[in-house]
1. If you take the charge dipole of region 165-245 about its Cα centre, with +1 on Lys and Arg Cβ and -1 on Asp and Glu Cβ, which of SER188, MET173, THR232 is farthest toward its positive end?
2. According to the square roots a ≥ b ≥ c of the eigenvalues of the Cα gyration tensor, what is the shape class of region 13-133, taking rounded for a/c under 1.5, prolate for a/b larger than b/c otherwise, and oblate for the remainder?
3. Multiply the residue gap between ASN35 and LEU87 by 0.36 nm, knock off their C-alpha separation, and tell me the result in nm, one decimal place.
4. Quick one, can you get me the convex hull of the C-alpha atoms of region 31-259 expressed as volume per residue in Å³?
5. Past 27 Å, Cα to Cα, is the threshold; run LYS313/LYS473; LYS290/LYS473; LYS473/LYS633 against it and keep the listed order.
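Just so it is clear, none of the values below were taken in a lab; they were calculated from the coordinates. In this text the structure is predicted, and so the values were computed from the model without any measurement. Note: ideal-geometry Cβ built from the backbone for every residue, glycine included; neighbour counts use all protein chains shown.
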Amino acid sequence: MHQTIVPIDQYHQSDTFLSNNVGNLFEKLFKIQSNDNQECLHPNLTIIDQYLDDFQVDFNQSFDSIDNVNRIGRFIRKIDSYFCPLLEHDDAIDEIQFSVRSNIEWCGPHWQTYILDAIDIGLRNEISAIPFTNPGQFICMNQILSLLLLTSGIEHCIGDVLRLKCRQIPPLMKDLIDMPELNELIGSDLIRPLKVLLGPPTTLNIRNILWHGFINCPVKQTSIEMRPFITTLIAIISTIGYRLSQHSESSIHSTDWIPRSPLYDLSEFANKHFPIVRDQSGDHYEQIFKCPLIHRTMRSAWAYMFHLQRQEKLHRRNQYWICLLFPLLESSMRYLYCHVNHLEDRRLLTAIARQYYVTFREIFGTLITDLDYWKIDTIEEQTLPRNRLLQFLPIGFIHAFNDLIIHCHGPHLRDRLSHGQIRFDHVDSNVVRFSADVTFEFIRWTTIHQMNDGQQCCSEKLSLLSYETQFHKIYYVRNRLITVIERLMIWQNQSSTSFNGIDLINRLRTIRPIDTGILYLSKCFTIVNFLENIVNLFENFFNILIQYLRQKQSLNQCQGRRLRSRQRENFQNFSHHFNHKYLKLICDNTWWSMMVMIMENLDQIIESGRFTNDDDDDSEWRQTVWEKRYQRKLQSNIQRLCKYSREHQWHRIEEILISNQAIAISITHDLFQ
């Protein structure tokens, strides 16, 4: 697909990616001065109760109303002014960290460290000479990075605290804040400023504005400041910890009682061997300047991020550069998505109150829609325009970005970082380096593409053009199938079945990525989810059998051991029914070939339209044959296999295995003959 990229500076001439309303709201807030003598913080940097009581915001009124602006502006200004004299000391950061340390233990050992680092990054006015960046912009970027850490950390830690009261924890910050259980734990007066800063789009919503890449470093001075948000969040986090320690329920006093949700250990992806592709001799800063997707107000942020990455080994604080990568990438990709699809509405590039943003989900979605494309009805798909970005970008970039950002079986980096779910001390260098490599190659590709006036561009150095996905659900199911078949091969070697496991595995391993135009359509996931359910259920059944066989083998080796009559009866029953015939049925080539053939021909099955067309014949076949006779029957059969195995009803298994074999024959005939 040939199309010239118009530089974003020509398309978006504003110096901000905030809408006029949102930008004006922030400007107004920081023009408010607080000159009263009311005390706001204790020496341990917790907020005084009376100061919280006096902070009243009308959430039913617009946030840019005069009353709300004055109240919010005075609240955060007053707290920030408390920090001003503290920050004048040479050892100011150490003193602040010491003051809050005991009250942030509720965050857990890992996030306690990360929050202390965020304080250091955001409040220490250190500067460094890097291109496109003046000292003020460098300090601003430190503050933005600090806020990225603080907002994701407070979300994760509040979720952990809610586990003291709730079994189900909502995934979004705005929903966490509205939980009545949180009110019981920390008080409604403390929830008010939390909701003002991190609540839904009708509030300041700084978490989403930051993590979706709408905050930049203006090329000219503005009154928008980041530090008051940092100091206010530090005070809120410290106050939450103090209130938990003083809670009326004694079980909450100790942070050891807070159930910790595990942080993701990205070292598990080390064995995936992401390719290392970037030419280290390249000039990052020159590419940033040339790239048509990087706005002039974003250049300093990109330069700052690459500076931290290069200096990562010199200081632990620099490891957080990865938090900046995805907001910056999303901002540039958002423009490319709008430009390639001829979406002229400028609001799609900006953060607007009360409206959802264009995010990575939409950017890499197959269809252009305001809805979540994972939930679109298959009939409606036919009427929605396709996302032209998937034809514009080389397939290697699409697969690489989806592997890193979208696919739930991959690192899923953007979401896990923004929700505070990553252990920074266990981030595999291969994963983060691949993230930087993909991004830098993408920047170089767009620059070359523009220089070639939109014509097809190739470069030997752009090795990611041929990258193949490893984490799309299709390939996750394929790998699960391979694992199950390998286990069956080990088992069948102990018998005399003629299972063609090696051939099936070789066929699965030769499957190549299908057309990106159908990868994310719901009709694709309809078939893949069916296969995944069958594989999962069969694996459960297989695990039960293996466990029982091992128990039987163990007991057979202890001939002198006396079994209870019920155990003896169960094992005799098992030995009588679970014979060579059962093994032959479980290792049935027809059954496993059916699943392999579906995987091999997935694109043809989808394009045939049998699962999605409105044609009366296809619709009737889908509803009466596929859904009832095949899909539901198979799932029911394997669920019964698990049930009968757990209940030792071995005599009832053979008929189900034979039924599965018959269904596999029918599916193969219907789909492929």
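1. Going by the Cα projections, it comes out as THR232.
2. Oblate shape, in that a/c is at least 1.5 and b/c is the bigger or equal ratio.
3. 16.8 nm
4. Hull volume normalised by residue count: 132 Å³.
5. Pairs exceeding 27 Å: LYS313/LYS473; LYS290/LYS473.
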